[in-house]
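Note sheet for the following structure.
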Amino acid sequence: MKWPTLSMKSNKNDFSYGIDSTIAQILALTTTYLFSMKVGIDMMTPTIIIGAITDKESNTSYNPLSHISEEQTSWIGSLIYLFPPVGSVVVSFVQDRFGHRVCMMVANVTHLLSVATLMLSDGPAGLYASSALMGFNVGFVTSFSLSYCGEVCEPKLRGTLTAVLNLFYFAGYLCVTMLYAVTADWRLSVLFTAILSVANAAILFKTPDSPMWLMSRGRTDEAKSTFNKLRGGVDEDKCAVEYRDMVRYTSEMNLPTVDLTNGEKKEMSSIKDSLYRFIEPETLKPLQLLVIMIFFTNLLSGIPYIPYLISIFDKFQVSFHPAWATTMYMAFGVAGNVLTICSINKLGKRFLALCTMATCSVCYLSIGIVGNVLPSTPVTSWIKIVLFFMSTFFSSMGIMPIVWILMCEIFPMKSKNVGAGLSSATYFILSFLMTKFYLDLEMFTGFYNTFVLFGSIGLIGLVYLHFQLPETENKTLNEISEHFKCKNTKADVQAGLA
């Protein structure tokens, strides 16, 4: 069997509709971007709560949590990673039946409910509940945001516009950490962020459903009209090739309401057939790739450290308040995402992933070596801080956003929601385990040896991705799906391989 060419040199699908199309897609994605920012806020909220617990300078009379134990702290920091899989499972059913707009409406309500729960929390039990609810929201929003971006964007802009999700995600990190650094009050900081949900509710009225979902429900005319609007209202002939490819891709769902180009309608597959399709190579191979990639990405993007950032900067002996160091850490993440948006279309996802994984591994190994070997001085303290900032900059520039972009690209339509849901569930389960048991690992190995361990594992991940990660930039979803149908799983690294 010949491989479909996935090299960056291929230009046969260089769809280009002009600035009107780009603006139309950005406007359609505005709601999704704001949701992504709220997800970032939710993910960082336990960090500022734990910071208020462990940082005596920041404890005020408004914070009654000074007596929370280290074990309770680890649960507050990790529960938010345990419940996203529940949200992912729920949204997979809601999304297929009711579409993305309904999911967005539900997410707005649950976001406001999570803020209210947090405001009423007066002890560990309340914080556990609010952390679990925020975790549910994270899984719910992440799943439909990724699939929505993948379905409404043209191939040439899909990588860039999906990368913007991660930019807003880190902007949420930066927003809540900066609010906490300024106010020194975690409740007030979170309360301010409720403005996003109110703004989203207003913008949602102008957000269209995905044309792929509309087509899968038999609403062909509405799907065609929405597709044309998302491409800037260009002539039908100009977008006919992409539209036919979308029809062919959507028809793989085998739903009874899918209207094919020849007017035929396929019958609903049985549960047995659906399970069989899920273990086919075009679904199983991407899932295997993503699960392994997620493991390495989590270690090198600082996931185990994030809930404990303020205490980690204390151990680095920063010369300024750790809350501001945390804000700077997130600012470097935002800067890295900006570069992703500017460079992903030119450099490709494969090149960015490999380069940034190598850089992050070197940064972590260097922090461990400096911390273990050199004496603690202001100079060595700054070296460790700069290397830590560099690690978040490069992980945010490459491996972290690329994992999420791949989730919305590499699964076939028939198993897209389940595949993306399982991948995101894997991300959060691994994140839960890494954050929950990080303190135990640190106690067992030593603080700086955790960096040596993670950096060494990262080098192993670099070798794996070199042989397994294909290039998907500027390729249609149908082409990417065809790539994974091949028996050989080795990536098409050489341009023009057929």
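ARG219's amide H: which non-local residues (gap 5+, or another chain) put their own amide H closer than 5 Å, with H modeled 1.01 Å from N in plane and none for Pro or chain starts?
none
Using the structure shown, select from LYS416/LYS436; LYS38/LYS156; LYS346/LYS416; LYS224/LYS285; LYS229/LYS475 the pairs with a Cα to Cα distance greater than 23 angstrom.
Violating the 23 Å limit, Cα to Cα: LYS416/LYS436; LYS38/LYS156; LYS346/LYS416; LYS224/LYS285.
I'd like the distance between the alpha-carbon centres of the stretch 302-340 and the stretch 410-469, rounded to an integer number of Å.
About 20 Å separates the Cα centre of the stretch 302-340 from the one of the stretch 410-469.
With the convex hull built on the Cα atoms of the stretch 133-205, state its orientation-averaged projected area in nm².
5.8
Using the Cβ atoms and a cut-off under 15 Å, what net charge is assigned to the surroundings of LEU113, where Lys and Arg are +1 and Asp and Glu are -1?
Neighbour charge sum, excluding LEU113 itself: 0.
With N denoting the number of residues in the stretch 85-193, provide Rg(C-alpha) divided by 2.2 N^0.38 Å, to two decimal places.
1.20
In bins 10 Å wide, starting from 0, what share of all Cα pairs of the stretch 400-448 does each bin hold, as a percent?
All Cα pairs considered, the percentages come to 24, 36, 22, 15, 3.
Once the principal axes of the Cα atoms of the stretch 308-386 are found, what is the range along each, listed largest first in whole angstroms?
Principal extents (Cα only, largest first): 42, 27, 20 Å.
For the stretch 130-174, what does the convex hull of the Cα positions come to per residue, in cubic angstrom?
55
Summing +1 for each Lys or Arg and -1 for each Asp or Glu, what net charge is found among the other residues whose Cβ lies under 11 Å from the Cβ of LEU439?
My count for the surroundings of LEU439 gives -3.
Which three semi-axes in whole Å describe the equivalent ellipsoid of the stretch 417-471, each the square root of 5 times a Cα gyration tensor eigenvalue, listed largest first?
26, 19, 5
Where a number appears in this text, it was derived from the coordinates with a stated rule and is not lab data. Please read all numbers here as calculations on a predicted model, not as lab measurements. A quick note on method: Cβ atoms are made from the backbone with ideal geometry, for glycine too, and the neighbour counts reach across all protein chains shown.
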